[in-house]
Every structure is written in structure tokens, then in C-alpha cells.
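Student: Following this message is one structure expressed as C-alpha cells.
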Amino acid sequence: MNKTYKARIDRVLQYIEATLPNKILLADLAETSHFSVFHFHRIFTGIMDETVNDYIARRRLECAVNQLIFKTDLSITEVAHRNGYSSSANFSKAVKIHFGFTPSEIRNPDKIKNSKIGNVSSKYGKAFNPSDLYPNRITNNVMKTTKLKGTQMNITVKERDSQRVCTMASQGGYEPTAIFAAWDKLIAWAENNGIGSSQQERFAFAFDNPTVTPIDKCRYTTSIAIGNDLPVNAPFEVSEIPKGKYAVLYYKGSPEETIDAQLSIYSDWLPDSGFEPDDFPMLERYLNDPRVDGYLEMEIHVKLKEVCG
């Protein structure tokens with residue numbers, strides 16, 4: 001992919017995320033990308049494999065469903081308005097079409113009787129079941145089974161200083177081959193710049209919830225901590241892990257079961273912690289190479305802020 005094109009589309013994606021609840025005009029997106037308004041839509045679709053409208057609609061719905069799951073203090077109407085829907089009726093219709101379930105069913109999966117297959121399955125090939133999303137159900141029916149037996153978990157609150165990192169995004173979301181391809185390139189870059197394998201502090205920025213977002217559409221960025229003076233050139237980028245308080249969960253177990261460990265932070269720990277998640281994406285700090293060891297050892301970091309009244 002042309003580096004300039006990718007950088008311009010990345011700016012568009014950042015703009016969309018910042019303005020999701022508001023009306024987003026094609027002309028504004030084209031201006032952000034510095035592409036002609038006459039060609040922007042085709043360029044976006046060619047790079048993202050989704051039309052602009054489909055991408056925006058999907059991101060709004062994914063954000064809304066995450067709020068249905070993790071912000072149970074908000075009514076369905078409040079969730080609808082927070083995500084740019086004019087009414088709860090329009091919101092419910094959109095959720096039903098996309099996911100195959102109504103907002104009420106997503107919040108109460110035990111009451112589901114029958115439901116049609118939504119667009120998320122027919123369009124993206126992803127099965128969707130609200131029972132796999134609801135934190136309390138995950139806590140009660142998964143975390144207490146033998147599925148995670150043998151893993152080691154512990155949550156603490158830690159203060160982190162800001163940290164400069166060199167990053168490379170996965171080009172295939174959470175698909176393992178795409179993740180490892182990004183890591184191999186970044187690790188080789190670090191070694192070529194004097195940061196040996198044993199010295200590398202490796203983090204992943206995990207932006208999306210794979211139980212809601214199709215795996216290949218999830219945004220995943222690899223990163224390695226670097227000094228302030230080390231230059232970084234394309235295709236790599238510089239980013240920063242911000243200073244602040246983080247909930248840190250130690251996990252050792254199967255890579256496939258990390259989603260259960262991640263959700264345990266939200267369902268088991270956060271409600272009584274006095275904190276809520278900040279807007280920064282979840283971080284995964286890797287302590288080993290699962291391709292070598294056959295298991296995953298890592299710390300899951302969630303940036304925190306005080307609970308608002």
C-alpha cells in the first residue's frame with residue numbers, strides 16, 4: 001500500500017472516531033484526507049474494503065453495543081443519543097438489523113427466544129451471540145469453570161510514566177498471521193536499531209472488542225518501547241503510552257482465552273474499584289513468545305480515571 005495513502009486514510013479514521021456521535025459529512029472526510037471529494041470514496045473503499053457509510057455505521061453500532069454491555073447505568077435511550085441516533089426506535093432497528101438482536105436482548109440474553117441472523121454474520125461472516133458478551137454471564141458461567149484452570153490472575157493498580165514507543169499496525173486485525181507478521185517486522189527493526197530481543201519491552205494497543213467487531217476489522221497495533229532520541233521512519237510510527245493509573249492484570253494461559261481474562265477486569269473488578277476506564281485503548285504487555293512456549297504470558301493494562309458522579 002502506498003505510504004502516503006495509508007497515512008491519509010489513517011487521519012480519516014482518527015477523525016471518524018473523534019466525531020462518531022455527530023453527523024459526518026463526506027466532504028469533511030475528503031478534506032481531512034487531502035484527496036479529491038470525487039475520488040475519496042473509491043480510495044477509502046479500496047483500502048478499507050468497506051464503504052465510508054458502512055464503516056461509520058459499523059463503528060457507531062460497535063461503540064453502542066459496548067456501552068450496552070459495560071455501561072449498564074445508561075438507559076437504552078441514553079446509549080442511542082450518545083451514539084448519534086435520533087431515537088431509541090431508530091437505534092433498536094439498526095442494532096437488530098446489524099446484530100440480529102435488539103438492545104434489550106443484548107442486555108438480557110437469558111430472555112432471548114428466537115432471532116434472525118444479522119448483517120454482522122451475513123456480511124462479515126462473524127457469529128454473534130449476546131451470551132458471549134454480557135460480563136456477568138461470562139463471570140458466572142466461564143470464569144468459574146475449569147476453562148481457565150491453571151492460569152494465574154492478579155489485578156493491581158499501578159502508576160505508569162509516559163513511554164515513547166515505535167509502532168506498526170496489523171494489516172489483518174486480530175488474525176494471528178497478521179499479528180505475527182507485524183511483530184516480526186517491528187522486532188527486526190528494534191534489533192537493527194540496537195534493542196536486543198531480551199531488552200525489548202513489547203506492548204500491543206488493542207482498540208476493539210473481538211466479541212463485537214469482526215476479527216479482521218479489529219484494530220491492533222504492535223509497539224516496542226524506545227528512547228526519546230531514536231529516530232523512527234515509515235512504515236513505522238511513533239506513539240506514546242500516557243502517564244497515569246492503570247489496572248494491571250497478570251495472565252498466563254491459552255491465547256484463545258485472553259478475552260475472558262480481559263472481560264473479568266470490567267465485570268469483576270471495575271464496578272467496585274472506584275475507577276472507570278479512560279479513553280485510552282487496552283494495552284497488552286507481552287512477557288514471552290507464545291509461538292515458542294505454547295502459552296501466553298502477559299499483563300493486561302487498562303488506563304483508569306476516577307468515577308464521575
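The values are calculated or read from the model by the stated rules, or taken from the named source; none is laboratory data. Everything numeric here is computed off the predicted structure, so don't read it as measured data. Using ideal geometry, Cβ is built from the backbone for each residue, glycine included, and neighbour counts are taken over all protein chains shown.
Student: Can you spot a residue in region 2-11 that is part of a helix (DSSP H, G or I) and in contact with a Pro (Cβ under 7 Å, 6 or more places away or on another chain)?
Tutor: yes
Student: Mind listing whichever residues of region 205-225 are surrounded by fewer than 21 Cβ atoms within 10 Å (Cβ to Cβ), over 25 Å from Arg107 (Cβ atoms) and not hydroxyl-bearing (Ser, Thr, Tyr)?
Tutor: Phe205, Asp216, Arg219, Ala225
Conditions tested, residue by residue: (1) within 25 Å of Glu276 (Cα to Cα); (2) without any contact (Cβ under 8 Å) to a residue 60 or more places away in the chain; (3) surrounded by 15 or more Cβ atoms within 10 Å (Cβ to Cβ).
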position	(1), (2), (3)
Val37	no, yes, no
Phe40	no, yes, yes
Met48	no, yes, yes
Val52	no, yes, yes
Arg58	yes, no, yes
Thr72	yes, yes, no
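Student: If you don't mind, there's one more thing I want to ask. Between a residue in region 200-227 that is of a type in the set (Asp, Glu) and any residue that is part of a strand (DSSP E or B), which pairs come within a Cβ distance under 6 Å, given they are 6 or more apart or on different chains?
Tutor: Matching pairs, first to second residue: Glu201/Ala225.
Student: Next question, about the same structure. Give Ile16, Ile43 a once-over and let me know the one that is under 30 Å from Val307 (Cα atoms) and either under 21 Å from the mean Cα position of the chain (by Cα) or not aromatic (Phe, Trp, Tyr) (or both).
Tutor: Values: Ile43 fails: under 30 Å from Val307 (Cα atoms).
Criteria check complete, one pass: Ile16.
Student: With Val12, Val65 as the choices, which residue is touching a residue at least 12 places away in the same chain (Cβ under 8 Å), touching a Ser or Thr at 6+ places or on another chain (Cβ under 8 Å) and under 26 Å from Ala169 (Cβ atoms)? Before the answer, list the steps.
Tutor: Values: Val65 fails: touching a Ser or Thr at 6+ places or on another chain (Cβ under 8 Å).
Among Val12, Val65, only Val12 is touching a residue at least 12 places away in the same chain (Cβ under 8 Å), touching a Ser or Thr at 6+ places or on another chain (Cβ under 8 Å) and under 26 Å from Ala169 (Cβ atoms).
Student: I would also like to ask the following. Name every residue in region 78-120 that is surrounded by 19 or more Cβ atoms within 10 Å (Cβ to Cβ), modelled with pLDDT of 90 or more and among the β-branched types (Val, Ile, Thr), in order of residue number.
Tutor: Of everything in region 78-120, those that are surrounded by 19 or more Cβ atoms within 10 Å (Cβ to Cβ), modelled with pLDDT of 90 or more and among the β-branched types (Val, Ile, Thr) turn out to be Val79, Val95.
Student: Search region 244-261 for residues being out of contact with any strand residue (DSSP E or B) (no Cβ under 6 Å at 6 or more places or on another chain) and among the charged types (D, E, K, R), and hand back the single one that is surrounded by the fewest Cβ atoms within 10 Å (Cβ to Cβ).
Tutor: Glu256
Student: How about region 280-309: which of its residues are farther than 18 Å from Gln199 by Cβ and hydrophobic (A, V, I, L, M, F, W, C)?
Tutor: Step one: filter region 280-309 for residues farther than 18 Å from Gln199 by Cβ, giving 280-284, 290-291, 293-296, 300-309.
Correct list: Phe280, Met282, Leu283, Leu296, Ile300, Val302, Leu304, Val307, Cys308.
Student: Now for a separate question. Would you confirm whether any residue within region 208-225 is acidic (Asp, Glu) and assigned to a helix (DSSP H, G or I)? Working first, answer last.
Tutor: Applying the first criterion (acidic (Asp, Glu)) to region 208-225 yields 208, 216.
From what's left, assigned to a helix (DSSP H, G or I): 216.
Yes: one or more hits.
Student: Let me ask another. If I filter region 184-238 down to residues being hydroxyl-bearing (Ser, Thr, Tyr) and more than 22 Å from Leu287 (Cα to Cα), which single residue comes out as modelled with the lowest pLDDT? Talk me through it step by step, then tell me what you get.
Tutor: At the first step, the residues of region 184-238 found to be hydroxyl-bearing (Ser, Thr, Tyr) are 197-198, 211, 213, 220-223.
Checking which are more than 22 Å from Leu287 (Cα to Cα) leaves us with 211, 213.
On the way: Thr211: 80, Thr213: 87.
Step by step, filter region 184-238, then rank; the result is Thr211.
Student: Just to be sure before I move on: is Thr156 modelled with pLDDT of 95 or more, assigned to a strand (DSSP E or B) and either touching a Phe, Trp or Tyr at 6+ places or on another chain (Cβ under 8 Å) or surrounded by fewer than 16 Cβ atoms within 10 Å (Cβ to Cβ) (or both) in the structure I sent? Spell out how you get there, then give the answer.
Tutor: Values: modelled with pLDDT of 95 or more: no; assigned to a strand (DSSP E or B): yes; either touching a Phe, Trp or Tyr at 6+ places or on another chain (Cβ under 8 Å) or surrounded by fewer than 16 Cβ atoms within 10 Å (Cβ to Cβ) (or both): yes.
No; evaluated as a whole, the condition is false for this residue.
Student: In addition: Report every pair of residues separated by at least 6 positions or lying on different chains whose Cβ atoms are under 6 Å apart, first residue within region 78-101 and without any contact (Cβ under 8 Å) to a residue 60 or more places away in the chain, second surrounded by fewer than 16 Cβ atoms within 10 Å (Cβ to Cβ).
Tutor: From region 78-101, the pairs are Ser88/Thr77; Gly100/Ser115; Gly100/Lys116; Gly100/Ile117; Phe101/Ser115.
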